[in-house]
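To start, the structure under review is shown below, and the notes come after it.
Just so it is clear, none of the values below were taken in a lab; they were calculated from the coordinates. Nothing here was measured: the structure is a model prediction, and the numbers come from that model. Positions of Cβ are generated from backbone atoms using ideal geometry, with glycine treated the same way; all protein chains shown enter the neighbour counts.
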């Protein structure tokens, strides 16, 4: 087994007094000043995240577009250069191999995948690339090691990025531009995993430390703080963004997970047949949002009960710093998966009342107009 | 007095007050919920008696002595963060009426606990 990897910013995190955790084979900062404080600062001002553990895989070549279209559930033929779309890799049974972002560039695509799945995804892509249809007409390059990723998320993020010299004025949500850099480009996209206005910066690994420090300096007066994976998780949970490994995996299909908007059956892709069948058959379970009514915190793996009967399982659960309540995502049988349904969560042998609620739990600001005056 | 599992113990007239040490609260991170036992519950030395939940983790707090739970810190229901902010004062967790006061002799002194942290 390999040792856990460090991002180019490891020493920066140490110097900031971060507490670390292992995640997807990487040693990552889980918190600096405290998870609740970091979470609320992202919602009120801005947070800086090191996401260099994520994987980036480039697709180039004559059939790059057809290849990505075959691999992904969303319709990449509708994706113009300079735009980004959320998509899924599915296996032949319709189970989710990974969730990802697809960036359409002038000369091909960059796929941004989960850290823990990078090797698995790359191997799967290689297998498809070697089939007769694509062999020699598609190139796949794993650029993860060479690529660092920083995110600035929060209402103050546009001003911070502008102050740091990034031309994000007028950049729409789910779009990107190439920022010229001495020694290579970086990609700056208006994307994120927090529900706030925010940006993600993909840059050469050797430039990461310099940009991290620059952003912290420039953003200091606007309240920018470093934010770890702990707050990243509570931020995305409030938005009902699924986390691979918790809410989605190879045993869940997009219909059950509520990700049908990322599936366009009008094109052929791996898993399409199975998904058509599954849709006809109807869902066996539905991923819903739960809010605790009685005191207790639902955690991944806890059972959802109706009377004495188990009707589902919690996949993600935690405390919402904004709502000051415990919230969760859970797969529940379709009959009980409607808004307003009362259920119980089994927490240490006690049945604690919860309610199915609409999601996101907290309003999204990702499409808010950016004012850079 | 202290335990190896990072609880502190203070002897009062009607029982011993129990909380978690600064080391423990720091390790846990932001405390968001304290799951108390019922008053009157029997507890045994070394067994879990309170559960303290932080954002990311569920932590057991172990009874330093055997006895009966006679009080819980209800203020923590609305302000669980007191466990982080004032773990030795307003962040106290429960009070136990011990069955056998002799058990207190098994606990660590401040010096012993400091030494433990240094290991």
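Helix-only estimate, please: 222 nm mean residue ellipticity of chain A, summing -39500 (n - 2.57) across DSSP H runs of length 4 or more and dividing by its residues, to the nearest 500.
-6000 deg cm²/dmol
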Would you kindly give the portion of the calculated P(r) for chain B that falls above 22 Å, as a percent of all Cα pairs?
27
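Per-residue mean of other chain beta-carbon atoms within 10 angstrom of the beta-carbon, peptide A:295-301?
3
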Inter-chain shielding metric for B:29-35, i.e. average beta-carbon neighbours from other chains within 10 angstrom, reads 6
Relative contact order computed over segment A:261-360 (Cα-Cα under 8 Å; 6+ residues apart), in percent:
30
For segment A:123-269, shape from the Cα gyration tensor axes a ≥ b ≥ c, cut at a/c of 1.5 then a/b versus b/c, turns out oblate
Segment A:329-373 - percent relative contact order, Cα under 8 Å, separation 6 or more:
28
Percentage, to the nearest whole number, of Cα pairs in segment B:26-71 over 16 Å apart
40
Taking the convex hull of Cα positions in chain A, its mean projected area over all directions (nm²)
19.2
Under the definition of partner shielding as Cβ atoms of other protein chains within 10 Å of a residue Cβ, what is the mean value for peptide B:51-59?
6
Which value in nm describes the separation of the simple spin-label points at residue B:47 and residue A:120, placed 7 Å from the Cα toward the beta carbon?
4.0
Order these peptides, A:85-98, A:263-276, by their mean beta-carbon neighbour count within 10 angstrom, highest first.
A:85-98, A:263-276
With runs of 4+ DSSP H residues as the only contributors, calculate the mean residue ellipticity of chain B at 222 nm using -39,500 (n - 2.57) per run, divided by the residue total and rounded to the nearest 500.
-4500 deg cm²/dmol
Relative contact order for segment A:149-259 using alpha-carbon pairs under 8 Å, separation at least 6, rounded to a whole percent?
25
Expressed in nm to one decimal, what extension gain is obtained for the pair residue B:117 and residue B:4 from 0.36 nm per residue of sequence separation less their Cα-Cα distance?
39.7 nm
Is any residue of segment A:254-283 close enough, with backbone N under 18 Å, to a label point placed 7 angstrom from the Cα of residue A:93 along the Cα-Cβ axis, and if so, which?
A:254-257, A:270-283
With a point put 7 Å past each Cα toward its Cβ, work out how far residue A:260 is from residue B:110 in nm, to one decimal.
6.5
Taking A:243-252, A:118-127, A:31-40 and ranking on average Cβ neighbours within 10 Å, highest first, one gets A:31-40, A:243-252, A:118-127
Can you tell me the length gained on complete extension of the stretch residue A:214 to residue A:364, counting 0.36 nm per residue apart and subtracting the Cα distance?
51.2 nm
Using alpha carbons only: equivalent-ellipsoid semi-axes of segment A:27-125, gyration tensor based, whole Å
30, 16, 13
Sort segment A:235-373 into rounded, prolate or oblate with this rule: let a ≥ b ≥ c be the square roots of the eigenvalues of the Cα gyration tensor; rounded if a/c is under 1.5, and if a/c is not under 1.5, prolate when a/b is larger than b/c, oblate otherwise.
oblate
Take segment A:292-373, drop everything but the C-alpha atoms, weight them equally and run the Debye formula without solvent; then report log10 I(q)/I(0) at 0.24, 0.26 Å⁻¹ to two decimals.
-1.17, -1.35
Under a plain spin-label model, where a point goes 7 Å from the Cα along Cα-to-Cβ, how far apart in nm are residue B:78 and residue A:62?
7.3
